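Peer 1: Sharing a structure here in structure tokens format.
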Amino acid sequence: VKVSRPDDSRFSRGLHGLTRTLVKNAILGVTQGYQRSLEISGVGFKAELKGREINFALGFSHPVAFKLPEGVTAEVDPKQTKVTVRSADKHLLGLTAAKIRALRPPEPYKGKGVKYAEETVRRKEGKTGAA
């Protein structure tokens, strides 16, 4: 695949790089695929895969059902604390992983919630108590 531009304007140069990267990401997605890992931490927090749906227990009064979009597959480890999301479409994969994380983002005091595997949560100290 060869990407070329009609002229040397600033707009054409910008679109040239964008188009080249989109084509590269599409080729890598088809040949290797993309994946994103998420970790669930917290007492009683877990995930369970049922067909095209992931059921999360995230400390709410109800289970949260997340329907996977077309073209995205998921895998839950046996301990039910790690979710791996796979897809050939890099953009769709990032959106799906972000939506899963948004169900219960990690909180800074105890670190409970859903976070990316490579993400580090900045922890806060909390109250010092009565002196």
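Peer 1: How large is the accessible surface of Ser37 in square angstrom, using a 1.4 angstrom probe and rounding to the nearest 10?
Peer 2: Only protein atoms counted, so the area is about 40 Å².
Peer 1: Also, I was wondering about something else. Which one of Val72, Thr31, Leu92 has its Cα pushed farthest toward the positive end of the charge dipole of the chain, where Lys and Arg give +1 and Asp and Glu give -1 at the Cβ?
Peer 2: Value computed over the given set: Leu92.
Peer 1: Carbon-plus-sulfur fraction of the accessible area of the chain, 1.4 Å probe, in percent?
Peer 2: Here it works out to 55 percent.
Peer 1: While we're here: Arrange the residues Tyr34, Tyr109 by how much accessible surface each exposes, largest first, with a 1.4 angstrom probe.
Peer 2: Tyr109, Tyr34
Peer 1: If Leu68, Leu49 are ordered by their accessible area, calculated over protein heavy atoms with a 1.4 Å probe, which sequence runs from highest to lowest?
Peer 2: So the residues, ranked largest to smallest area, are Leu49, Leu68.
Peer 1: If the cut-off is a Cα-Cα distance under 24 Å, which lysines reach Lys112, setting aside same-chain residues fewer than 8 apart in sequence?
Peer 2: Leaving aside lysines fewer than 8 places away in the same chain, those within reach of Lys112 are Lys46, Lys50, Lys67, Lys79, Lys82, Lys99, Lys124, Lys127.
Peer 1: Would you compute, for the Cα atoms of the chain, the largest minus smallest coordinate along each principal axis and list the three values in descending order, in whole Å?
Peer 2: That gives 69, 45, 21 Å along the principal axes, largest extent first.
Peer 1: GNM on the chain, C-alpha springs below 10 Å: top fluctuator among Thr96, Thr120, Thr81?
Peer 2: Sorting by GNM fluctuation, first place goes to Thr120.
Peer 1: Note the angle between two axes, namely the Cα long axis of helix 10-31 and the longest principal axis of the Cα atoms of the chain, as a number of degrees from 0 to 90, rounded to the nearest 10.
Peer 2: 60
Peer 1: Report, in deg cm²/dmol and to the nearest 500, the calculated mean residue ellipticity at 222 nm for the chain, where each DSSP H run with n ≥ 4 adds -39500 (n - 2.57) and the sum is divided by the residue count.
Peer 2: After summing the helix terms and dividing by residue count, I get -9000 deg cm²/dmol.
Peer 1: Using a Gaussian network model of the chain with C-alpha springs under 10 Å, which one of Lys99, Lys90, Lys79 is most mobile by mean-square fluctuation?
Peer 2: Of Lys99, Lys90, Lys79, the Gaussian network model singles out Lys79 as fluctuating most.
The values are calculated or read from the model by the stated rules, or taken from the named source; none is laboratory data. For clarity, every value in this text was computed on a predicted model and none was experimentally measured. Don't worry about glycine lacking a Cβ; one is built from the backbone with ideal geometry, like all the others, and counts go over all protein chains shown. These accessible areas exclude ligands, DNA and RNA; they are computed on the full protein's heavy atoms, side chains included. Shrake-Rupley method; radii C 1.70, N 1.55, O 1.52, S 1.80 Å.
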